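Worksheet: the structure to be examined is printed underneath.
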Amino acid sequence: MIRAAILTYHAIGNPPPGDWPTPVRTLFVEPALFRAQMEALRDFGYRGISLRELLAGPSPARPRPLVLTFDDGYRSFLTDAFPILADLGFHATVFVVAGHVGGYSAWPFRVPILDAHELRELAHSGIEIGSHGMTHRSLRDLTESERVFELAESKRLLEEIVGNPVESFAFPYGHEFAGAETLLRSMGYGVACSTRRDNRNTARDRYALHRIMASSRTTRLRLRYYLSRLYHVEASWKRATRALRGLQP
């Protein structure tokens, strides 16, 4: 069911002014570097697809798929990432914070979020729109009723905007919670992404899919490593070690 690596991005472009710590700054990937990364994927024989396409099953048109995801729904996806993806015939899934559509982010930097017209434009161009909640709050810290609101209202609002079913979800901050799969299924979500690092998933990971975090430090060589069996072995070992220490995998 899930035989493809999932690569995730945040913002394409330069970070806003400010003395941001390195982990935040590296979330911003300059367009020239992003193009180089996408061209490297093409050269390696991959084709970027959305989660919806992955779940639809294998296709002769995409013999070696790789899922591309973009968290938060920044406008830079439309202005800086989408033209590059379109040039290469790639698709992607964009996880949008529904309560900030047409506004600005606040976690922790302030940058523009895609508006309703832009979301419709992307959806009509082969980009899947998924939910990243209503407010970008950690669902782990919320009550059950607050979680229901974050999941149900974001889904309803985004479906109203794009006119398509919203079936994919990404946990804000990667914060999963007990009972997440049951709740997501009941809301009509078919898949959810975590921030657990790995390039492989199984059917049991469907509501906490592993992803590879791309950044401004992701070189062509590092990208090849991220897609290798060695990276999978390393990621599996790290999860096992964390589990033994009683931490989140």
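The table below gives the values:
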| quantity | calculated |
| --- | --- |
| Per-region count, the range 220-249, residues under 29 Å from MET38 (Cβ atoms) and modelled with pLDDT under 85 | 1 |
| Residue within the range 134-144 that is buried (at least 18 other Cβ atoms within 10 Å of the Cβ), more than 19 Å from THR182 (Cα to Cα) and touching a residue at least 40 places away in the same chain (Cβ under 8 Å) present | yes |
| Meets criteria (basic (Lys, Arg), surrounded by 15 or more Cβ atoms within 10 Å (Cβ to Cβ), touching a residue at least 24 places away in the same chain (Cβ under 8 Å) and not in a strand (DSSP E or B)) for ARG200 | yes |
| Where THR143 falls short, out of the listed (1) farther than 27 Å from ALA40 by Cα; (2) under 18 Å from the mean Cα position of the chain (by Cα); (3) of a type in the set (S, T, N, Q) | (2) |
| Filter pass, LEU158 being over 26 Å from ALA56 (Cα atoms), crowded, with 19+ Cβ neighbours inside 10 Å and touching a helix residue (DSSP H, G or I) at 6+ places or on another chain (Cβ under 6 Å) | no |
| Matching residues in the range 98-121 - criterion: being buried (at least 18 other Cβ atoms within 10 Å of the Cβ), in contact with a strand residue (DSSP E or B) (Cβ under 7 Å, 6 or more places away or on another chain) and free of Cβ contacts under 8 Å to residues at least 60 places away in the same chain | HIS100, SER105, ILE113, LEU114, LEU119 |
| Qualifying residue in the range 209-219 (condition: modelled with pLDDT of 95 or more and either over 19 Å from the mean Cα position of the chain (by Cα) or surrounded by fewer than 14 Cβ atoms within 10 Å (Cβ to Cβ) (or both)) | yes |
| Set LEU119, LEU51, LEU78, LEU66: member being at pLDDT 95 or above, under 16 Å from the mean Cα position of the chain (by Cα) and within 26 Å of GLY18 (Cβ to Cβ) | LEU78 |
| Residues satisfying the stated conditions in the range 20-55, i.e. surrounded by fewer than 17 Cβ atoms within 10 Å (Cβ to Cβ) and hydroxyl-bearing (Ser, Thr, Tyr) | THR22 |
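The values are calculated or read from the model by the stated rules, or taken from the named source; none is laboratory data. Predicted model only: the values in this text are computed from it and were never measured. Counting neighbours? That spans all protein chains shown, and the Cβs are built from the backbone with ideal geometry, glycine included.
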